Amino acid sequence: MVTAVVLPLLSVLAISVTRSEGVYDVGRPLGPVFALTFMILIHATIGPLFGTPRTATVPFSVGVQPLLPQSFAHVGLLVFSALFFGAAFWVSYKESNVMGSVGKILNPVFLVLLFSVFSLGFLSPMGKAAQQTVTAAYQHQSFFNGFLQGYNTMDALAGLAFGVTVVTAVKQLGKTKPSENAKVTAKAGVFATAAIGSIYVVLIWLGSTTLAHFRASADGGVAFNQMVSYYLGGFGHALLATLLTVTCLTTAVGLVAAFAQDFHKHFPKVSYRAWLGMMCATSFLTANFGLDTIISWSTPMLMFLYPFAMVLILLSVTSPLFDRDPVVYALVVGFTTVPALFDMVGAFPPVVSQSAFGQTLTGFQQHVLPFASLGMDWVVPAVIGAVLGLSYHWLRPVLGKRRVTTPEQN
């Protein structure tokens, strides 16, 4: 709920408070080079390298692959992902169509299908959620485990990246003044994330009830498939495949459009449609490596980027308190860098994390940095950076007055 609801809301508010037009503007107090690098890393992670390919592999692996013979799995993924990203390209081809297609067609279809499943769960619960056994990962330090698992939603990163699409959509509604645009963005963000939070709560409850009939699954898609098949049989599986495809297509459209809009803005020699085509083509190629491979290599990048994203979001939301002082930004982000690098190395597949180099870094990290065992070793350095930065910002006027005081005044 914190990483997948509160943080995305704060990311939208960060765009609103700073009157930014995208993730580039959020990092701009640290200079154009950092801002551009951060924007590219965010879009690459939630875009063609990891996030967007997952929007095709998830509905395929949960909804389509179980219906195919094992020997046709690779061919099936190839055909499905080609059709999927072809549809995403077609919907996003005209920028003006993105808001209408997603907001007026895809999202309502998704919500109707989702709430149909919810209704079945409420009318005939599979079991009592409160009576189920707590899994091992949540018997101790459950908050931090859930907090880190929320990284995999990529919602906070997407909230920053979608900023350009949100701002563009609001402008198309006629809110062209920065102050008006910011207000509409903030109101829409609060409404949308409140709805998302409600959906997560229901999903958590429904998932718990399935434990009365099925073993705990490491994959939420498998658990959801079990639940729908329990209620509706083969028709339920078809419904789930449709639901996941529509849901993920909605997400894919937002991701590819945001990528193309942001990159066209900063690299205008390449058109929006050319960036869109490159994004869809690259996502199609990456998707065919398979869901497990994508997840195993995306985790290290998420462990590296999320601390930066969180501190930048918090700095942006609170920036009116210190006038977006670059010194505050530099100290907080600078102190966050080393722990983020350590977390990235420790999250790599065993070929890296279990090497002599990886084990040496991990040992040093666990010994020196507080909360490293919880995956939160960036918190204390970031707080130290914030204290130093804010102290400098608030004391600078006093120190400046002392420097200009004449001997006679003394």
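Out of V17, V26, report the one residue that is at pLDDT 85 or above, more than 25 Å from G236 (Cα to Cα) and among the hydrophobic types (A, V, I, L, M, F, W, C). Let's see the steps before the verdict.
Details: V17 fails: at pLDDT 85 or above.
The match here is V26.
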#### Entry: Restricting segment 23-60 to residues that are among the small types (G, A, S) and under 21 Å from the mean Cα position of the chain (by Cα), the residue that is surrounded by the fewest Cβ atoms within 10 Å (Cβ to Cβ)
A44
### Query
If you go through segment 111-127, how many residues are surrounded by 11 or more Cβ atoms within 10 Å (Cβ to Cβ) and outside any helix (DSSP H, G or I)?
3
### Positions within segment 368-385 being farther than 18 Å from L305 by Cα and either of a type in the set (K, R) or modelled with pLDDT of 95 or more (or both), in sequence order
I384
#### Entry: Neighbours by Cβ (under 7 Å, 6+ apart or cross-chain): first from segment 185-209, aromatic (F, W, Y); second part of a helix (DSSP H, G or I) and surrounded by 12 or more Cβ atoms within 10 Å (Cβ to Cβ)
Y200/A4; Y200/V5; W205/A129
### Message
For the list (1) in contact (Cβ under 8 Å) with a residue 40 or more places away in the chain; (2) surrounded by 14 or more Cβ atoms within 10 Å (Cβ to Cβ); (3) within 22 Å of F144 (Cα to Cα), I need the number of the one condition that T362 fails.
### Response
(1)
## Note on the structure
Every listed condition ((1) in a helix (DSSP H, G or I); (2) surrounded by fewer than 19 Cβ atoms within 10 Å (Cβ to Cβ)) holds for A156 save (2)
#### Entry: Output for segment 201-234, where each listed residue is surrounded by fewer than 14 Cβ atoms within 10 Å (Cβ to Cβ) and part of a helix (DSSP H, G or I)
V201, I204, A212, G220, G233, G234
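Residue by residue, here is whether (1) aromatic (F, W, Y); (2) under 30 Å from H43 (Cα atoms) holds:
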{"site": "F122", "(1), (2)": "yes, no"}
{"site": "G127", "(1), (2)": "no, no"}
{"site": "T133", "(1), (2)": "no, no"}
{"site": "F143", "(1), (2)": "yes, yes"}
{"site": "G146", "(1), (2)": "no, yes"}
{"site": "Y151", "(1), (2)": "yes, yes"}
{"site": "L157", "(1), (2)": "no, yes"}
{"site": "G163", "(1), (2)": "no, yes"}
{"site": "V167", "(1), (2)": "no, yes"}
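Of all residues in segment 271-288, how many are in a loop (DSSP other than H, G, I, E, B) and exposed (fewer than 14 other Cβ atoms within 10 Å of the Cβ)? Before the answer, list the steps.
First, pick out the residues of segment 271-288 that are in a loop (DSSP other than H, G, I, E, B): 271, 288.
Applying the additional criterion that residues be exposed (fewer than 14 other Cβ atoms within 10 Å of the Cβ) yields 271.
Residues that pass the stated criteria total 1.
Show me the helices (runs of 4 or more DSSP H) entirely contained within segment 291-374 in which 2 or more residues are more than 15 Å from V26 (Cα to Cα) and over 22 Å from the mean Cα position of the chain (by Cα). Walk me through it before giving the result.
Numbers: elements: 291-318, 326-347, 350-353, 356-368.
So the answer is 326-347, 350-353, 356-368.
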### Query
Can you find even one residue in segment 235-252 that is within 30 Å of A382 (Cβ to Cβ) and crowded, with 18+ Cβ neighbours inside 10 Å?
yes
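The values are calculated or read from the model by the stated rules, or taken from the named source; none is laboratory data. Bear in mind that the values here come from a model prediction, so they are computed numbers and not experimental data. All Cβ positions, even for glycine, are placed from backbone atoms using ideal geometry, and neighbour counts span all protein chains on display.
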